[in-house]
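Working notes for the structure below.
The values are calculated or read from the model by the stated rules, or taken from the named source; none is laboratory data. What you see is a predicted model; the values in this text were computed from it and never measured. When we count neighbours, we look across all protein chains shown, and the Cβ atoms used for this are built from the backbone with ideal geometry, even at glycine. What goes into the accessible areas is simple: the full protein's heavy atoms, side chains included, and nothing from ligands, DNA or RNA. Shrake-Rupley method; radii C 1.70, N 1.55, O 1.52, S 1.80 Å.
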Amino acid sequence: MRLPRLATASVVASTLLVAGLAGCTSDDGDSGGDGGTIVIGADLNNSSTVDAAYGRALQLRIDQVNASGRLGDRKLELRTQDNRADVATSLRNISAFADDPSVAAIVAGSCDPCAVSAAKTINDKKIPTIALAASDEVAQPVTERPYVFKLGPNSADSAATMVTELRRLKVPNASILHTDDYYGRGGDKALEAELTKAGIPVIGTSSVKPAATDITQAVGTLLDGQPAALLVLAGPEQSALAAKSAKAAGFTGRVFFDAAAASDMFIPNDEAAATNNTTMVFTQILAVDDVIATTPAKAARKQWFRDYISRYGGYSGVASFAADAVDLIAAAVVRVGGNREQIRTIVETSQVDGLSGPIRLTPANHSGLMPQALTLLVARAGRWRLAS
């Protein structure tokens, strides 16, 4: 299969800011694998549209890194296991990866309880893991998760961005719909705190099971209170269901999604009318073709966007998080090969301008996507655009 054209900016820019990358290659670490092959294990749910996008992005970015030659005689290989969103299965997958000396690091997908439940095993087996799940608990508290890192928006940052816009619009009150899981409960807590600080009353809150396919009653109950805005903290499918339920009920207020709702650049036809003018908190990458490439980082994001579309025919907003995970691991492999402990140490102090936005990881903060990475997108004519 022909690899997409490799642009220097696309592959290199997001990792150049890792301190000491240039000239710091070391052979002291175990090169890992046969013939210098270093494996990245991926624990994903094959039935999840989000995890499918993660898997595609991981493979594309690994292909790009290998094609760039910056790993020297080494190369990365992706090995994926299906967790079926089941905690026990995920734990077996992660344990098997950790017991395989060719696996230098793990990328965990969207299953929040899987990542949270596996934290002790990850730490006991000392395998550096970058989780792409939405919940803050994935990487907190850091003292109990020294080997776990998270890439993706943090609940407090997403809430602050959303409430800043609500204040600007002078929205008098709001109701919240959230999933009844780690991510939803944490997001609701952060959002209610921000709304309280802003003096915006919450007139209704309702939760739905993460796998629920009919949330009409929950949405209807919230709309009975006649809120000025409906704030939705849910994954892509349930967020779309909430928008359709609100439209069907005749809701004319504002609808807001937080970052977990992000999916494809183009909104499916059966959702487009209901989500039109909906505002979503996310990174610029989902609408990066609206961005002028005024910096190397922005040029890299635009190139990544084009490369992903070239290979897969469309763009998923979450893909950049998986690509950034590969870049963080690759930057460490350049320096220390497959030495897990040294990879963990390097990742823990990484400061990069990634494809998702600025990432700053420290020993005290293992969830490094900076609040400056977040912006507002608006659904217009069946796709997401920058709000301004």
Quiz item: Per the 1.4 Å probe, what fraction of the accessible area of the range 294-388, in percent, lies on carbon and sulfur atoms?
Solution: 54
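Given a cut-off of 19 Å, what percent of all Cα-Cα pairs of the range 318-377 lie beyond it?
Of all Cα-Cα pairs in the range 318-377, 29 percent lie more than 19 Å apart.
Need one number: % antiparallel among DSSP beta bridges in the chain, to the nearest 5.
Percent antiparallel among DSSP bridges in the chain is about 30.
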Quiz item: Per the Kirkwood definition applied to all pairs of different Cα atoms, how many angstroms is the hydrodynamic radius of the range 223-380?
Solution: 17.4
Quiz prompt | Efficiency of FRET from Cβ geometry, Ala211 and Lys247, R₀ 22 Å, rounded to 0.05 | solution = 0.45
Quiz item: Taking a ≥ b ≥ c as the square roots of the eigenvalues of the Cα gyration tensor of the range 99-193, is the shape rounded (a/c under 1.5), prolate (a/b larger than b/c) or oblate?
Solution: prolate
Self-check item: Gain on full stretching of the segment that runs from Arg167 to Asp100 - 0.36 nm per residue minus C-alpha separation
Solution: 19.0 nm
Quiz item: Under 18 Å from a point 7 Å along the Cα-to-Cβ line of Asp224: which residues of the range 150-182 have their amide N that close?
Solution: 174-178
Practice problem: Pop out the carbon and sulfur fraction of the accessible area of the range 160-201 as a percent, whole number, probe 1.4 Å. | Solution: 51
Quiz item: In whole Å, what three semi-axes, largest first, describe the equivalent ellipsoid of the range 58-133 built from its Cα gyration tensor (square root of 5 times each eigenvalue)?
Solution: 24, 14, 10
Quiz prompt | Degrees between helix 236-248 axis and first principal axis of the chain (Cα, 0 to 90, nearest 10) | solution = 10
Quiz prompt | Distribution of pairwise C-alpha distances over the chain, 20 Å bins, in % | solution = 30, 57, 13, 0
Self-check item: the chain - percent relative contact order, Cα under 8 Å, separation 6 or more
Solution: 22
Exercise. Please determine, in degrees from 0 to 90 and to the nearest 10, the orientation of helix 49-68 with respect to the longest principal axis defined by the Cα atoms of the chain, where the helix direction is its Cα long axis.
Key: 30
Self-check item: Acute angle (nearest 10 degrees) that the helix 87-99 long axis makes with the longest principal axis of the chain, alpha-carbon atoms
Solution: 20
Practice problem: Pairs of Cα atoms under 8 Å, at least six residues apart: use those to get the relative contact order of the range 271-334, whole percent. | Solution: 25
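Kirkwood hydrodynamic radius, the range 277-319, all distinct C-alpha pairs: what's the number in Å?
11.0
Output the pairs from Lys209/Lys247; Lys150/Lys170; Lys126/Lys150; Lys125/Lys189 with a Cα-Cα distance over 23 Å in this structure; if there are none, say none.
Result: Lys150/Lys170; Lys125/Lys189 exceed 23 Å.
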Quiz item: So how do Tyr182, Tyr147 rank on accessible area, 1.4 Å probe, biggest first, that is with the largest at the start?
Solution: Tyr182, Tyr147
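Per residue, how much accessible area does the chain show when a 1.4 Å probe rolls over the protein heavy atoms, in square angstrom?
Counting only protein heavy atoms, the per-residue value for the chain is 40 Å².
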